[in-house]
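J.: Below is the structure I would like to discuss, written out as structure tokens.
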Amino acid sequence: MTEIARVLVLGNGAREHALARALTRGAPNRQVFVAPGNGGTRGARIHREPVDLARRDAVIDLAERLAPDLVVVGPEAPLCAGIADALTEAGFLTYGPSREAARLEGSKAYLKELAREANIPTARFSVVRSYAEAERIIGERGAPIVVKADGLCAGKGVVVAATEAEAKEAARSMLEDRIFGDAGSTVVLEDCLVGHEVSVHAICDGERFVLLPPARDHKRIFDGDRGPNTGGMGVACPAPGVTTSLLDRIAREAIAPTLATMRARGTPFRGTLFAGLMVTPDGDPMLLEHNVRFGDPECEALMEMLDGDLAGLLASAARGALEPDLVSLPRDRAAAVVILAAAGYPGTPKKGDVIGGIAEAEAIEGVLVHHAGTESQDGSLYTSGGRVLAVTARGATFEEARVRAYRAADLITFEGKQLRRDIGLTA
Ligand code: AMP
Ligand code: GLY
């Protein structure tokens, strides 16, 4: 087995900063490059490299220059565009699914049809390609009903419609006005489920997988799950209320059949499978979506939940020969993530404000502050995006992690800082 001495991480969020830090663990001399990275992705063994992830040739050129032993792809867009295939073809061991396997996230119709074929519990649905069809089905099914653009829409393509009129308007804007372009030329209409949501991640080698602890994201901007949706404002891990037997069911009923079906189709899934599920009031897990990469901010919490050689584990998955024993998942461990967002987020975020207090925050035991929308200039750090920092804390219990994360979050300063105060406390 080749030693993993150099790792290239593609992406620019707090997810990639957390991955980079975790990937340095387990080998004292390993170097990690983050491209394009952000204001925080540098240090003794972490290096930032500029690149445009939308340009496949530029990514390959960068890989050729850096000669990594492993490439880890963070975000979904390049995976859906086939970056893992291109890197693999160029001879680089790459953790992340092929373009075909990435359709699990890239097409909601593909996912729903796979769920039906594999008998994975999921909401009843119809796939439509015209507004006339959508209007008819919405009329038949009534509201509430969920309207989903088929393709990638940066988290904005799902409308949980309370009334028929709202559902029709959403379907019309996607199918006729094409507000999401081609991503909305096909639409999934599905029954509205109620319950509590949970995110379950699995590191997969095409056949076997390492199941990570369940996590719960908090999507709305304000406390009490009010206000508009965001990319995620914080995480509790393990997700409260998810028992071992429920997690077992999720692995058996949602993760394993997905991998088996993808394998049978000749497009095995190698990478992170991130299942988003609704647990119904009866306690049954229903699959809402699959993502083909780590969640952000879920990843920041998950990286605190495992010990050992993450790079070795991801490399073994990429090779198709998973070595689960390279990491351990201590039972007496919990993690909390509190996102610090800029004023204006999730609309137009304010940029260019000076950030202070990160060193003081990281002096608290168990705390790491991962960067998202930050830029450094002349030795100072400035806000440069909507989600600015992911304050992450581990603890022996969730309560310990939560208290540490909020103590740290309160030490960090920038103008207009927004955060939720109830991470891990909502139902
Ligand atoms: P998705 O990208 O499919 O997970 O949808 C994004 C969010 O929409 C989910 O995290 C849920 O909060 C919500 N959602 C999606 N599908 C449904 C459904 N069938 N019933 C209720 N809420 C849903
Ligand atoms: N936090 C949700 C996502 O990454 O999709």
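The values are calculated or read from the model by the stated rules, or taken from the named source; none is laboratory data. All values reported here derive from a predicted model rather than from experimental measurement. Cβ placement follows ideal geometry from the backbone for every residue including glycine, while neighbour counts extend to all protein chains displayed. These area figures cover heavy atoms from the full protein model, side chains too; ligands, DNA and RNA do not enter into them. Shrake-Rupley method; radii C 1.70, N 1.55, O 1.52, S 1.80 Å.
J.: Phe209 versus (1) open to solvent by 50 Å² or more (accessible area, probe 1.4 Å); (2) under 24 Å from Asp296 (Cβ atoms); (3) free of Cβ contacts under 8 Å to residues at least 60 places away in the same chain: which is the lone unmet condition?
T.: Status for Phe209: all satisfied but (3).
J.: Which residues, counting only those in segment 43-89, are part of a loop (DSSP other than H, G, I, E, B), in contact (Cβ under 8 Å) with a residue 24 or more places away in the chain and open to solvent by 40 Å² or more (accessible area, probe 1.4 Å)?
T.: Scanning segment 43-89 gives Ala54, Ala67, Asp69, Ala81.
J.: When you look at Ser185, is it of a type in the set (S, T, N, Q), open to solvent by less than 20 Å² (accessible area, probe 1.4 Å) and touching an Asp or Glu at 6+ places or on another chain (Cβ under 8 Å), yes or no?
T.: So Ser185 fails the test.
J.: Follow-up. Counting only residues that are in contact with a Cys (Cβ under 7 Å, 6 or more places away or on another chain) and open to solvent by less than 50 Å² (accessible area, probe 1.4 Å), which one in segment 106-145 is nearest to ligand 2 (Cβ to nearest atom)?
T.: Gly106
J.: Residues Asp422, Asp410: which one is in a loop (DSSP other than H, G, I, E, B) and surrounded by fewer than 22 Cβ atoms within 10 Å (Cβ to Cβ)?
T.: Asp422
J.: Turning to a different aspect of this structure: For segment 149-194, name all the residues that are of a type in the set (Ser, Thr, Tyr), free of Cβ contacts under 8 Å to residues at least 12 places away in the same chain and assigned to a loop (DSSP other than H, G, I, E, B).
T.: Matches in segment 149-194: none.
J.: Could you tell me which of the residues Asp150, Asp69 is away from ligand 1 (no atom under 16 Å from the Cβ) and modelled with pLDDT of 95 or more?
T.: After applying the criteria, what remains is Asp69.
J.: Among the residues of segment 21-39, which ones are polar (S, T, N, Q) and within 21 Å of the chain's Cα centre (by Cα)?
T.: Scanning segment 21-39 gives Thr24, Asn38.
J.: Would you mind finding the one in Leu329, Leu322, Leu306, Leu340 that is touching a Pro at 6+ places or on another chain (Cβ under 7 Å) and either away from ligand 1 (no atom under 16 Å from the Cβ) or more than 28 Å from Val403 (Cα to Cα) (or both)?
T.: Testing whether each residue is touching a Pro at 6+ places or on another chain (Cβ under 7 Å) and either away from ligand 1 (no atom under 16 Å from the Cβ) or more than 28 Å from Val403 (Cα to Cα) (or both) leaves just Leu329.
J.: May I ask you to verify whether Val194 is within 12 Å of ligand 1 (Cβ to nearest atom), surrounded by fewer than 24 Cβ atoms within 10 Å (Cβ to Cβ) and either among the β-branched types (Val, Ile, Thr) or over 28 Å from Ile145 (Cβ atoms) (or both)?
T.: Here the answer is yes, as Val194 does meet what is asked.
J.: Give me a count of the residues in segment 212-228 that are open to solvent by less than 40 Å² (accessible area, probe 1.4 Å), under 16 Å from Gly295 (Cα atoms) and within 16 Å of ligand 1 (Cβ to nearest atom).
T.: The qualifying residues number 5.
J.: Which residues, counting only those in segment 377-426, are touching a residue at least 60 places away in the same chain (Cβ under 8 Å) and of a type in the set (Val, Ile, Thr)?
T.: Hits for segment 377-426 are Thr392, Thr397, Ile412, Ile423, Thr426.
J.: With the condition kept exactly as written, say whether any residue in segment 112-129 is of a type in the set (S, T, N, Q), in contact with a strand residue (DSSP E or B) (Cβ under 9 Å, 6 or more places away or on another chain) and more than 21 Å from Met262 (Cβ to Cβ).
T.: Yes; the residues of segment 112-129 include at least one that is of a type in the set (S, T, N, Q), in contact with a strand residue (DSSP E or B) (Cβ under 9 Å, 6 or more places away or on another chain) and more than 21 Å from Met262 (Cβ to Cβ).
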